[in-house]
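Working notes, structure below.
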Protein chains: 2
Amino acid sequence: MILTVTLNAALDVTYQVPGVDWDGVNRVTTVHRRAGGKGVNVARVLAALGQDVLVTGLAGGPTGQAIEADLQRAGLPHAFVGIAADSRTTLVVADSPRTALFNEPGPEVTAAEFGRMTGRFTDLMATAEAVVISGSLPRGVPLDAYATLAAIAAEHGVPAIVDADGEPLRHAPGGRPSIVKPNAEELARAVPEGGPEEGAQALRGRGAESVVVSMGAEGLLAVTPEGIFRARMPYKVEGNPTGAGDSLVAGLALGLVERSPWPERLTRAAALGAAAVAAPVAGDFDRDVYADIHPRIVIV
Amino acid sequence: MILTVTLNAALDVTYQVPGVDWDGVNRVTTVHRRAGGKGVNVARVLAALGQDVLVTGLAGGPTGQAIEADLQRAGLPHAFVGIAADSRTTLVVADSPRTALFNEPGPEVTAAEFGRMTGRFTDLMATAEAVVISGSLPRGVPLDAYATLAAIAAEHGVPAIVDADGEPLRHAPGGRPSIVKPNAEELARAVPEGGPEEGAQALRGRGAESVVVSMGAEGLLAVTPEGIFRARMPYKVEGNPTGAGDSLVAGLALGLVERSPWPERLTRAAALGAAAVAAPVAGDFDRDVYADIHPRIVIV
């Protein structure tokens, strides 16, 4: 089983509203509600690839119940730690081609709740083959939370991938995760000096075993104990980049579980990332694009 | 106990978003979630006035659970009939002074579910002193639903108030309700010929015992078996008119229960409506405004 951790689980809501009146009354023509957060998206991709997954993290209130109900409907096993506060909703108001995104402040987590989270996480190490820890932190959770979780995984011999930004990314290497996966902008913010390769080496110097940097249509850079690899994309896939990083991370997690060599795991991760761009909803990927692009990715 | 019926219960969500970017990412500074729908607002006002209330109607899905959880928090007794579909959310995006309202299409109700609703309503007639039936109908509910419920109330000798618009308003008098409460625009749509007094008489001719027409700052018109009365407001209250009609209806319901003479019940209803305009949230009213305006309302 691959465990995905989403400390700031969300209900992703999309409103289709043709011709929005931003100072009046609008009839929403279509509503979509779906459990979200980066770890949830990773789990969707892994499950679609036939992999056993378990979704954990923090969820609470009526919105947390809605998140769990959607995972139930999707057949995704989950074991959230409950919190008293209401989980966040993200809202997209789509008035094609314009799209407004609204991010709620989200819940405040207590120290006791995060303590229960680390306890649950530790218990789950007995059955996890790999762990994916990704996304933003809710308020109240320590900024080194991902380092803490990665360190617990390392103690249990479970490989961990961390996909984070800002302070959580800066702290992550301290937990000695197997892979840290920033995109190029996130890496540049975390390590302002030098280019992507220097940044990746800096995170390795702080404790990360490998660093994979996603660079959009320019592919991937992996700095690993086996060497430095770059995945070059044969063409640019047009579409919705939201969720591409999560699909890519799902590919990396499969590689960890299968202990495949870096060039192979990087190829699959790059193909899954590109195939997610072709799918309209985060957590999905386009199987045709995946099949087409996978054999044409070049590793150098 | 006064029973309020909300067939299309809603979760009313308000996002404060200073400086909305309608084609970008927005951080919501404040989120309010509150059970809504006109019958819920009426119950809030009645409860604030110390009256025993019970909220019923149709609610389902995670949003229905959120509605019930909020009523629980507010200490408002409720006995909703469950539906399979998810209840609707209304969203206000407030970027002062601009305000965009988004109305979801809402649930589709099955015939069996509405059958359970009429059954529950009939059972509750044993303990209800008065009934308030108000708001919109969800899809799937017959357009004469309010007439059906009012007729059940009449059979049990329970006075009923109907506050509706469109087809439900046109059908309502057929159930012989004690009071039908349209506003001036709703009445003009239901009875296009003549003014408010002629429209009110027409609804009485179709079966309504009394008709109260709300006319905003111009006060109220009541056409009743005791005669025709007008409530004149001493001044215009500035604020948010959403929910003013619900507060007014709460006043009328109290009058029914107390069997007070029409001039007295009209004065209280008009004062509660005006006091609700002074409160920022539907379902609340300003007690100072109520105390100030009540003795200055003139009935003619």
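Nothing in this text is a laboratory measurement; each read-out follows from the coordinates by a stated rule. Please read all numbers here as calculations on a predicted model, not as lab measurements. Using ideal geometry, Cβ is built from the backbone for each residue, glycine included, and neighbour counts are taken over all protein chains shown.
List of remarks:
- The dipole here belongs to the protein assembly as shown: it is taken about the Cα centre, uses +1 on the Cβ of Lys and Arg and -1 on the Cβ of Asp and Glu, and is about 280 debye.
- Whole-Å distance, taken between Cα centres, linking the range A:220-284 and the range B:1-20: 43 Å
- Choice from A:A66, A:A126, A:A154 showing the highest fluctuation, given a GNM over chain A with Cα pairs closer than 10 Å: A:A126
- Residue list for the range A:211-234, given a label point 7 angstrom along the Cα-to-Cβ vector of A:A184 and an amide N cut-off under 17 Å: A:212-223, A:229-234
- Helical contribution to [θ] at 222 nm, DSSP H n ≥ 4, -39,500 (n - 2.57), averaged over chain B, rounded to 500: -11000 deg cm²/dmol
- Within chain B, longest stretch clear of exposed trypsin sites (Lys or Arg not before Pro) (DSSP loop, no more than 13 other Cβ within 10 Å): B:1-235
- Under 17 Å from the Cα of A:K38 - lysines, other chains or at least 8 residues apart: A:K181
- Scattering profile of chain A at q = 0.13, 0.14 Å⁻¹ [log10 I(q)/I(0), Debye over alpha-carbon scatterers]: -0.88, -1.02
- Rounded to the nearest Hz, the phi-derived 3J(HN,Hα) couplings of the range B:79-88 under the Karplus curve 6.51 cos²θ - 1.76 cosθ + 1.60 (θ = phi - 60°) are 8, 6, 8, x, 10, 6, 6, 7, 5, 7, where x marks glycine and proline.
- Candidates B:A276, B:A164, B:A69, ranked by Gaussian network fluctuation over chain B, Cα under 10 Å, top entry: B:A69
- Charged neighbours of B:A74, selected by a Cβ distance under 10 Å, balance to +2 (K, R count +1; D, E count -1).
- Using Cβ point charges alone (K and R +1, D and E -1), the dipole size of chain A about the Cα centre works out to roughly 280 debye.
- J(HN,Hα) series, the range A:29-46, from Karplus relation 6.51 cos²θ - 1.76 cosθ + 1.60, nearest Hz, glycine and proline x: 7, 9, 10, 10, 10, 8, 5, x, x, 4, x, 5, 4, 4, 5, 4, 5, 4
- Spacing of the two label points (7 Å from each Cα toward its C-beta) at A:Q16 and A:E258, in nm: 3.6 nm
- Size check on the protein assembly as shown: the Cα extents along the three principal axes, sorted descending, read 93, 44, 41 Å.
- Computed from label points 7 Å out along Cα-Cβ, the spacing between A:V92 and A:D123 is 3.5 nm.
- Shown in residue order for the range B:217-231 are the 3J(HN,Hα) couplings computed by the Karplus curve 6.51 cos²θ - 1.76 cosθ + 1.60 at θ = phi - 60°: 5, 7, x, 10, 10, 10, 10, 9, x, 7, x, 9, 10, 10, 9 Hz (x for Gly and Pro).
- Paramagnetic label reach from A:L143 (point 7 Å along Cα→Cβ; backbone nitrogen cut-off under 20 Å): within the range A:2-22, residues A:7-8.
- Inter-label distance, nm, simple model (7 Å from Cα along the C-beta direction), A:E167/B:E167: 5.6 nm
- Taking A:E193, A:E155, A:E129 as the candidate residues, the one with maximal mean-square fluctuation in a Gaussian network model of chain A, Cα springs under 10 Å, is A:E193.
- Between B:A217, B:I161, A:A112, the Cα set farthest toward the positive side of the dipole of the protein assembly as shown (charges on each charged residue's Cβ, about the Cα centre) is that of A:A112.
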